[in-house]
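Here is the structure we will look at.
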Amino acid sequence: MNMPYDPSTDPSRYLASDLTSPASRVVPITPDNADLPEAVRALRVATGGTLVFIPIANTDDEEVSWDVTAGEFLFVRVRRVTPSSTATVFGLI
């Protein structure tokens, strides 16, 4: 059953959302050569490995490669996770 978001159950619904606020959505990320549909504010590592990504302000040729472990949170705004990544991650929006 698909249950839509019900704002009446959210006591924080009237508070402004900014980068210091908790994430309101978590999305799986499939590595791709194209930008994500929506940039994420942080990443959660599900399966460790090498994570190759492009932060939102980097150019396409400024990839960042980090070795990551399962359970890590990476507080970096990301617009792309490349296919050369071996880690599995989720994006926090």
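Every number here is computed from the coordinates shown, using simple stated rules; none is lab data. Small disclaimer: the values here were computed from a predicted structure and weren't measured. Neighbour counts run over all protein chains shown; Cβ positions are idealised from the backbone, glycine included.
What ranking do 24-33, 71-80 get when scored by the average of other Cβ atoms within 10 Å per residue, highest first?
Taking the mean over residues of other Cβ atoms within 10 Å, the ranking is 71-80, 24-33.
Which distance in nm do the two modelled labels at residue 34 and residue 58 give, with both placed 7 Å along the Cα-to-Cβ direction?
Label-label distance for residue 34 and residue 58, simple model: 2.1 nm.
Averaging sequence separations of C-alpha pairs under 8 Å and six or more residues apart, then dividing by the length of the chain, give the relative contact order as a whole percent.
Relative contact order, the chain: 39 percent.
Would you mind computing, in nm to one decimal, how far apart the modelled labels at residue 5 and residue 72 are, each placed 7 Å from Cα along Cα→Cβ?
Rounded to a tenth, the inter-label distance reads 2.9 nm.
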